[in-house]
Amino acid sequence: MIKFLTFILFFTVLFANSEKTVDDKKNITADEIRDHIKFLSSDKLKGRRPGTRGSKQAIRYIEKEWKSSGVLPAGERGFKQSFIFTSGVSISGYNRLKIDELRKTFRVKQDFMPLGFSAVGLVKADVVFAGYGFSTEDSISWNDYSNIDANGKWVLIFRGSPDGSSPHSTFSDYAPLRKKYMAARDNSAAGVLFVNPFNDDELEKFVALRFGPSTTRGSIPAIHISQEVAQQLLPQNTSLKNLQNALDTNRASVSFDLNISVSATISLKIIKSRGTNVLGVVRGDGSTDEIIIIGAHMDHLGLGGEGSGSLRPDEEAIHNGADDNASGIAGLLEMAEKIAINSEQLKRDVLFIAFDAEEKGLLGSKYFVDNPNINLENVSAMINMDMVGRLKDSSLTVGGTGTSPMFEPLLDSLQNIHNLNISYSKEGFGPSDHSSFYIKDIPVLFFFTGTHEDYHKPSDDWEKINATGEKIILDLIYDVTKHLGFLDKKPVFTIAGPKERSQNQRGFKVTFGIVPSYSSGGPGLTIDGVRPEGPAEIAGIQSGDIIIEIGGKDVQDIYDYMHRLGDLKKGQRVAVTIKRGEDTLELVVNL
Ligand SMILES: [Zn+2]
C-alpha cells in the first residue's frame, strides 16, 4: 500500500512540473519555492554531502527543472562541471609502533594514532623528551629545544600548555599541534610523538584523523601516543605525570634525552571525492558578450559528524539544510524559470550556477573561477544566494554592496517597492561563494536572511522556511537582475575590503597583503592574489607564485604560513623564498 502511494506521489510531483501554466512560469510563487525546498531538504537526499547519492539526486532535480524551464546546459558535460577534491584521510595498510629496546609493539587506534597530516613510511630513531614542544624567543621565552639536540630524533611532547587548552593562556599561540609540529621540523626532528597532558580532561583520547582540501602531507611523521605508551619511554623512576607537574609548577622548559629508540611505520590513504557544479544559461539578445552570474551552493553537511562543520558534531544525523542552502537553490530554479520566459528583456546572458562543496571551503566556486568555461572578463556581476529562507520582520542583509558604486542606489530604489528593510554590508569577501568572484575583481551581491538557532544543525528543516518571505526576496533579485541585464555599460568594480579573511580576525600583527590559496595541495603555499601596493606586491611577489620559505624556514601549506606569519612583527624585513615556474627567487618583504 505504502509502496503504491509513494509511487503515485512520485509521479504526481514528476508530472506536476510539465503541467505548469505560463503564468506559473512567469511568476515566482511561494508554493513552488516550498516544493523545491521540501524535496531538496528531504531525508531522502541525506543532507546533500558532495559525491553522495543524495547529492546526485539534487543534481538530477536541478537539471530536470532547468530543462523544463528552457534553461540551456552550460557545463563541460551537459549541465555538469566536475572536480576532484581531498575530502579526508584514512588508516590504510600497515601501521605499527615499536619501542625497540623493550621489543614491545603497539597497536594502531588502541595505543597510538597517526595525525592526518603525518608523513607516511618507516622511521626508526632515538627519542628525546621536549616538554610542551614550545620554541619561542618572545615575551614568554620558553624554548624546549634549547638544552637538547633533536636533530634526527623523535621528540616526545605534551599537547596543550601549562594552562591546559585555555584560549586565554599566554601560551595559546604556541599550543596548536601544527605550530608544535613546525617547531619540531625547524629543529630537524625525525618525527613527533604527541601525548595528552594530565591537566585537561576535555581532550579526546586521540586527535581525530582529519585531512582537508587545504591540508598537505607533512615531511615528518606525527603520531599521537597514549599516556601508557609514553610512560614506557621514560626511565624507570620517572613518572610522566610528575614530569608535567614540574613543567606546570616551574613554568619553565624541561627536556632531556631518553636513551631509547622507537620504530614506527605509518600508512595513510588520502580520500578524494568528486564535486559537481551544475551550470545553466539563458541567452540575452546577443548584443553583448557580457554575462550575469546568479549562484547558490547546493551541498550541505550530510550526516554531520566530526570536522563536517556541524554545530552538533557528536550527533550523527541528517542535516537537511533547508535554509542552508536548499532555499538558495529554490531561488536559483525560480529565477531561472522566470528569466527564461522573459529573456527578450535582457541584453546580457544570465548564467546560473549551483555550486558544490561550499561547506568544504567554497571549493566549487573556487574551482569554477580557476577553471572557467567562459571568459571571466565578461562577467558584469555575480549574485549569490545563501540562506534566503528565513526572512524575519522583512529584514534582509545584502553583502558586497561596496563592490560597485551603483549597487546601493539601485537597492535603495527597489527596497520600498518590495517592502524590505535591507541592511547593507559593503565588503566583497564573506563566508560564501561570492568571495571567489570578488577575488577576481567581479562586482558581487550576497543575499542573506541571517543566521538562526538551527544553523548547521539537523534541525534546519523545511517547516521553518518562510516561503512567502523568500518570494519577496526573489522578486527583488529578479528586478536587480533585470536592471543589470539591461544596462548599457557593465557595473564598475570597486575594491571593498580585504580579499581574504581579515588579518585582525585571525589575530595577526602583520600582513603580507596576499590572498592565500586554501586548496592548492602543496608543498608550499600558492598565492591566489596580491593586494595592490601591499607589502608583497612592493617586494615583487605575484599571483601564482608559491611561497616555500619565510625567514629561511620552510612553508609546506596554509597552516605553516599562518604560524610563520604569527611569529612576525610590524616593521620587520623578512626574506621570502618563492617558486615562479622553474625559478626560485628570494625577495625581501617589508612588513
Ligand atoms: Zn551555506
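What order do you get for 226-239, 55-68 when each peptide is scored by the mean count of other beta carbon atoms within 10 Å, highest first? Walk me through the intermediate numbers first.
Working: 226-239: 14.2, 55-68: 18.9.
Top to bottom by mean Cβ count within 10 Å: 55-68, 226-239.
Considering only protein heavy atoms and a probe of 1.4 Å, how much of the accessible area of region 504-590 is carbon and sulfur, as a whole percent?
Looking at region 504-590 in its full context, I get 50 percent from C and S.
Which of the peptides 558-568, 365-375 is most tightly packed, and how do the rest follow, going by the mean number of other Cβ atoms within 10 Å of each residue?
In descending order of packing, they fall as 558-568, 365-375.
Calculate what fraction, in whole %, of the accessible area of region 391-450 sits on carbon and sulfur atoms when a 1.4 Å probe is rolled over the protein chains.
Heavy-atom surface of region 391-450 belonging to carbon and sulfur, 1.4 Å probe: 53 percent.
Quick one: net charge around residue 166, please, counting Lys, Arg +1 and Asp, Glu -1 for every other residue with C-beta under 11 Å from its C-beta.
-3
Select from 568, 550, 535 the residue farthest towards the positive end of the dipole of region 504-590; place +1 on Cβ of Lys and Arg, -1 on Cβ of Asp and Glu, and compute about the Cα centre.
568
When averaged across all projection directions, what area in nm² does the alpha-carbon convex hull of region 504-590 cover?
5.1 nm²
Per DSSP helix of 4 or more residues, -39500 (n - 2.57); summed, then divided by the residues of the chain. What does that give at 222 nm, rounded to the nearest 500? Please report the intermediate quantities before stating the final value.
Numbers: 15 runs with 153 residues, N = 591.
Per the formula, -7500 deg cm²/dmol.
For region 299-435, what is the Kirkwood hydrodynamic radius in Å, using each pair of distinct C-alpha atoms?
Evaluated on region 299-435, it is 17.0 Å.
To the nearest 20 Debye, how big is the dipole of the chain about its Cα centre, given +1 on the beta carbon of each Lys and Arg and -1 on that of each Asp and Glu?
Computed charge dipole of the chain: roughly 1420 debye.
Starting with the highest mean, order 177-186, 258-267 by the number of other Cβ atoms within 10 Å, averaged over the residues of each peptide.
My ranking of the peptides, most packed first, is 177-186, 258-267.
Could you run the Debye sum over the Cα atoms of the chain, one equal point scatterer each and no solvent, and tell me log10 of I(q)/I(0) at q = 0.09 Å⁻¹, two decimals?
Reported log10 I(q)/I(0), two decimals: -0.78.
How compact and how long is region 94-266, expressed as Rg and Dmax of its alpha-carbon atoms in Å?
Gyration radius and largest Cα-Cα distance of region 94-266: 14.8, 45 Å.
Give the angle, between 0 and 90 degrees and rounded to the nearest 10, that separates the Cα long axis of helix 2-18 from the longest principal axis of the Cα atoms of the chain.
Roughly 60 degrees, rounded to the nearest 10.
Taking Cα atoms of region 173-288, Rg/Rh with Kirkwood Rh, to two decimals?
Looking at region 173-288, the ratio lands at 1.23.
Return one number: the angle in degrees, 0 to 90 and rounded to the nearest 10, between the long axis of the Cα atoms of helix 327-341 and the longest principal axis of the Cα atoms of the chain.
Once rounded, one gets 30 degrees.
Just to confirm the number: angle between the C-alpha axis of helix 177-186 and the first principal axis of the chain, 0 to 90 degrees, nearest 10?
Helix 177-186 sits at roughly 50 degrees to that axis.
Would you mind checking the radius of gyration and Dmax of region 297-360 based on alpha-carbon positions, in Å?
15.9, 52
Could you state the accessible area per residue of the chain in Å², with a 1.4 Å probe and every protein chain left in place? Walk me through the numbers on the way to the answer.
Details: 25110 Å² over 591 residues.
Per-residue accessible area for the chain comes out at 42 Å².
Among the listed pairs 272/457; 440/490; 272/440; 98/241; 179/269, which have their C-alpha atoms separated by more than 20 angstrom in this model?
Violating the 20 Å Cα-Cα cut-off are 272/457; 272/440; 98/241; 179/269.
The values are calculated or read from the model by the stated rules, or taken from the named source; none is laboratory data. On a predicted model such as this, the values are computed, not experimentally measured, just so you know. Glycine gets a Cβ as well: all are built from the backbone with ideal geometry, and neighbour counts include every protein chain shown. What goes into the accessible areas is simple: the full protein's heavy atoms, side chains included, and nothing from ligands, DNA or RNA. Shrake-Rupley method; radii C 1.70, N 1.55, O 1.52, S 1.80 Å.
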